[in-house]
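The values are calculated or read from the model by the stated rules, or taken from the named source; none is laboratory data. Here the structure is a predicted model, which is why all the values come from computation and not from measurement. Cβ: placed from backbone, ideal geometry, glycine included. Neighbour counts: every protein chain shown.
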Amino acid sequence: MELAGKVAVVTGAAGGIGRAIARSLAVRGCHVALADVNEDGLTETAALIGNSVRVTRHSLDVANRDAVAAFPAVVLAAHGHVDVVVNNAGVALSGSFAQLTEAEFDWLLDINLHGVVRMSRAFLPLLQQREQAQLVNLSSLFGIIAPPGQSAYAGRGTGGPRLDRPGSRLAHVRRHRGRHPHPRPTRRAQDPSAVLCDPALLGERFDRADRRRSA
């Protein structure tokens, strides 16, 4: 997919993988709508991107159903259309299944799982209006290997909506794709103890993968 002149929405864009993806998109000429609950982090991401593309910052909690429902109209007013949505926002909790409370599980799943569903459903009508569109729902390698102490986080990884499956590819619209990558864990504020993987390197890998798919 040629990204120059396109518009992408990236959640969890205040740092980590989300920031790396937003910067990678901008390098390829894609305008970006950055969303996160961390407004200071969004300001830093926007500063790193610079003025080469249009960048807007949006305070958004993907666990807030009403805020997500209203968000497409906000992005549409700022950018005119949407071609790519990257559902990257997520949180982590360390602890065994026995140690974590039901409320803690609910909090994590409301962001990591239900937030993806809300965003996907909210933006699908806008994506379907475009000749080409991409819906990218990030999961985690932990959803496959489920290491000790990550039961809640791994549960989300296996439960994410698989819109990359042929049968659900953006409601069967031609030339519209869904993706479900599983990056390795990175160290961010929500879980500083996570195994470190360089977010910038992940951004470069996503960029190369998209180029291969577009070739």
> Out of curiosity, is ARG130 in a helix (DSSP H, G or I) and of a type in the set (Lys, Arg)?
Replying inline: no
>> Checking VAL86 against (1) surrounded by 14 or more Cβ atoms within 10 Å (Cβ to Cβ); (2) more than 15 Å from the chain's Cα centre (by Cα); (3) touching a residue at least 40 places away in the same chain (Cβ under 8 Å): exactly one of these is not met. Which one?
In response: (2)
>> Can you go through LEU34, LEU42 and tell me which one is surrounded by 22 or more Cβ atoms within 10 Å (Cβ to Cβ), in a strand (DSSP E or B) and aliphatic (A, V, I, L, M)?
In response: LEU34
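Give me a count of the residues in the stretch 48-63 that are in a loop (DSSP other than H, G, I, E, B) and of a type outside the set (Asp, Glu). Please lay out each step first, then the result.
Pass one, the stretch 48-63, residues in a loop (DSSP other than H, G, I, E, B): 50-54, 60-63.
Those left that are additionally of a type outside the set (Asp, Glu): 50-54, 60, 62-63.
Qualifying residue count, the stretch 48-63: 8.
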> Within the bounds of the stretch 62-71, is there any residue that is closer than 19 Å to SER139 by Cα and at pLDDT 95 or above?
Replying inline: yes
> Which residues, counting only those in the stretch 63-83, are surrounded by fewer than 18 Cβ atoms within 10 Å (Cβ to Cβ), touching a strand residue (DSSP E or B) at 6+ places or on another chain (Cβ under 6 Å) and closer than 16 Å to SER120 by Cβ?
Replying inline: none
>> ALA70 - would you say it is part of a loop (DSSP other than H, G, I, E, B) and under 20 Å from ARG118 (Cα atoms)?
In response: no
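Would it be correct to say that LEU60 is in contact with a Phe, Trp or Tyr (Cβ under 7 Å, 6 or more places away or on another chain), buried (at least 22 other Cβ atoms within 10 Å of the Cβ), of a type in the set (A, V, I, L, M) and farther than 14 Å from VAL7 by Cβ?
Details: in contact with a Phe, Trp or Tyr (Cβ under 7 Å, 6 or more places away or on another chain): yes; buried (at least 22 other Cβ atoms within 10 Å of the Cβ): yes; of a type in the set (A, V, I, L, M): yes; farther than 14 Å from VAL7 by Cβ: yes.
Judged against the criteria, LEU60 is a match.
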